[in-house]
Amino acid sequence: MTPDLTFPQDFLWGAATASYQIEGAGDADGRSDSIWDTYARTPGQVLHGHDGSVACDHYHRYPQDVALMRELNLSSYRFSVAWPRVMPDGRTLNPAGLDFYSRLVDELLEADIVPWLTLYHWDLPQVLEDAGGWPERDTALRLADYAGAVHDALGDRVRHWTTLNEPWCSAFLGYAQGRHAPGRTEPTSALRAAHHLLLGHGLAVEELRRRDPSLQLGLTLNFTDTRPLDPASPRDLDAARRIDGMANRLFVEPVTLGAYPADVLEDLRELWPQDLVHEGDLATISAPIDVLGVNYYATQTVTAGCDPERASVAAAQARRHDSPSPSVGSEHVVTVRRGVPVSDMGWEISPTGLSDLLLRLHKDYTGAAGVRLYVTENGMADDDVPDANGYVEDPDRLNYLDHHLRAVHDSLQRGADVGGYFVWSLLDNFEWAWGYTKRFGIVRVDYDTQERIPKASARWYADVAGSGRIDHNGAGAPPE
Ligand code: GBH
């Protein structure tokens, strides 16, 4: 019998969403297009031509959705603000758009739910992309202005501010691989985007800190625990070092240590633009933060792919993708599946990857500076349909959440400073290039009727959030 696991009293129990994925109301109250509207309208980019114009209609249904959060005993809700609602031309304030978030925040506070606000979850106003997008330095300055404007309206009620969600995705899926908006495949632009996203983060932190030194500020990064296919192969070890460098360290090190990782800059020697980093940029990027948000889904196994004995598995993998590698400068590295359990996304499930990651971050980057870790996303795509009584049983997701929460608890016991956990996601929603075909919600959304049906995982999570502990009520064997 697995023992009960009790979490600290002040541990935040949350769920997360993002504006473009749930709001819909694409042209309400003066909202302009984001790069995702444009991308989704481009034939062949999003599966089945799906887009976010209606999504979960959360823009109109937020009171019911907040009531649902309350029923699920959530102590916090992580959402993002749509920049094209707040500044349709990228610069000028649109009070009608901003007002939606003011109403949402009031609704949350009334329900005793802590609002956890993300400024940028990938929906750049199209006008700013037309002006060059993230590869342009000016976009970073625009983010800081936007941060200030949102703070003017919500700063009296929102204490937790996240500048960016997963800048790796914005830079490398958006500008190198082209499988996210804006769909560009320009390796150098992707590196420029990465630096300007980080610069925008730093400038936004400075802007917010100036207004109110007591805010809880930070950013959210995606982390993939990267392993070599053959731990005895120097080429595979180098492949894992490179991907860990590009996906994880290129972002966390400038923010927490004030420098780009030297080995990654060395890998990128031929590609990294010499005029990119201005004097003072790294000081800005490493402006002190209070919180590091950790999005964790999977482990990734990589191989250098060119060894003759591995060439066939690498080639098979490469054929599955008709788009360039997001790993600029390490295009020869290939992700392989080891045959361990995967989610509906094909991502390798590994709860121990999460505890290892949290401990590593605490030890190498955040512990000494007193920066608190929060798991700002964790969850699983799985497609379970309602039974005859209208219940949705999703045992694989429940099992996934159970074991990842145990991993968080384990990391706490081993000394990591983790302040809370947000399930991805509250609702089934627009899963980017996959449209509505992948369901991450603990609540099912019927896209015809907009009905919300809490799945078994939601009922289980409500018990955990309400009691602050996990007991062993029916979760299955560990996934690994
Ligand atoms: C997050 O991104 C987003 O913040 C969120 O909007 C999104 O809906 C959610 O996750 C689910 O996708 O191919 O095995 O190497 C996820 C970012 C980056 C996670 C790539 C998985 C690759 C795993 N993803 N990563 S693998």
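If P43 meets every condition in (1) within 24 Å of the chain's Cα centre (by Cα); (2) more than 20 Å from H121 (Cβ to Cβ) apart from one, which number is that one?
(1)
Per-residue answers, yes or no, for (1) of a type in the set (D, E); (2) assigned to a loop (DSSP other than H, G, I, E, B); (3) within 16 Å of the ligand (Cβ to nearest atom):
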position: V264; (1), (2), (3): no, no, no
position: W272; (1), (2), (3): no, yes, no
position: E279; (1), (2), (3): yes, yes, no
position: A287; (1), (2), (3): no, yes, no
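Do we have any residue at all in segment 305-324 that's surrounded by 22 or more Cβ atoms within 10 Å (Cβ to Cβ), at pLDDT 95 or above and within 16 Å of the ligand (Cβ to nearest atom)? Quick ask: steps written out before the conclusion?
As a first pass, look at segment 305-324 and keep what is surrounded by 22 or more Cβ atoms within 10 Å (Cβ to Cβ): 305.
If we keep only those that are at pLDDT 95 or above too, we end up with none.
For segment 305-324, residues surrounded by 22 or more Cβ atoms within 10 Å (Cβ to Cβ), at pLDDT 95 or above and within 16 Å of the ligand (Cβ to nearest atom): absent.
Of these, P213, P182, which one is part of a loop (DSSP other than H, G, I, E, B) and surrounded by fewer than 19 Cβ atoms within 10 Å (Cβ to Cβ)? Break it down stepwise before answering.
Numbers: P182 fails: surrounded by fewer than 19 Cβ atoms within 10 Å (Cβ to Cβ).
When all the criteria are applied, what remains is P213.
Can you tell which of D123, D89, D99, D112 is in contact (Cβ under 8 Å) with a residue 24 or more places away in the chain, of a type in the set (D, E), part of a helix (DSSP H, G or I) and in contact with a helix residue (DSSP H, G or I) (Cβ under 9 Å, 6 or more places away or on another chain)? If you could, list the steps in order and put the result at the bottom.
Details: D123 fails: part of a helix (DSSP H, G or I); D89 fails: part of a helix (DSSP H, G or I); D112 fails: part of a helix (DSSP H, G or I).
After applying the criteria, what remains is D99.
Can you work out which of the residues in segment 217-262 that are hydrophobic (A, V, I, L, M, F, W, C) and part of a loop (DSSP other than H, G, I, E, B) is farthest from the ligand (Cβ to nearest atom)?
So the first thing to find is which residues in segment 217-262 are hydrophobic (A, V, I, L, M, F, W, C), and the list is 217, 219, 221, 223, 229, 232, 237, 239-240, 243, 246-247, 250-252, 255, 257, 259, 262.
Of the ones still in play, those that are also part of a loop (DSSP other than H, G, I, E, B) are 229, 232, 259.
Numbers: L229: 13, A232: 22, A259: 24 Å.
Among them, the one singled out is A259.
Checking the conditions here, which among D402, D428, D394, D382 is in contact with a Cys (Cβ under 8 Å, 6 or more places away or on another chain), of a type outside the set (K, R), surrounded by 19 or more Cβ atoms within 10 Å (Cβ to Cβ) and on the phi < 0 side of the Ramachandran plot? Give the derivation first.
Numbers: D402 fails: in contact with a Cys (Cβ under 8 Å, 6 or more places away or on another chain); D394 fails: in contact with a Cys (Cβ under 8 Å, 6 or more places away or on another chain); D382 fails: in contact with a Cys (Cβ under 8 Å, 6 or more places away or on another chain).
When all the criteria are applied, what remains is D428.
Can you spot a residue in segment 409-429 that is under 23 Å from V291 (Cβ atoms), part of a loop (DSSP other than H, G, I, E, B) and within 16 Å of the ligand (Cβ to nearest atom)? Can you show your working first?
The initial filter retains those residues of segment 409-429 that are under 23 Å from V291 (Cβ atoms), namely 409-426.
Remaining after also requiring part of a loop (DSSP other than H, G, I, E, B): 414-417, 425-426.
Now narrow it down to the ones that are within 16 Å of the ligand (Cβ to nearest atom): 425-426.
Yes, because at least one residue in segment 409-429 is under 23 Å from V291 (Cβ atoms), part of a loop (DSSP other than H, G, I, E, B) and within 16 Å of the ligand (Cβ to nearest atom).
So which residues in segment 327-351 are crowded, with 24+ Cβ neighbours inside 10 Å and in contact with a Leu (Cβ under 7 Å, 6 or more places away or on another chain), if there are any at all?
Across segment 327-351, the qualifying residue is only V328.
So A381 passes all but one of these: (1) within 19 Å of the chain's Cα centre (by Cα); (2) in contact (Cβ under 8 Å) with a residue 60 or more places away in the chain. Which condition number does it fail?
Going through the list (1) within 19 Å of the chain's Cα centre (by Cα); (2) in contact (Cβ under 8 Å) with a residue 60 or more places away in the chain, A381 breaks only (2).
The values are calculated or read from the model by the stated rules, or taken from the named source; none is laboratory data. Remember, predicted model here, so these are calculated numbers, not experimental data. With ideal geometry, Cβ positions are generated from the backbone for all residues, glycine too; neighbour counts draw on all protein chains shown.
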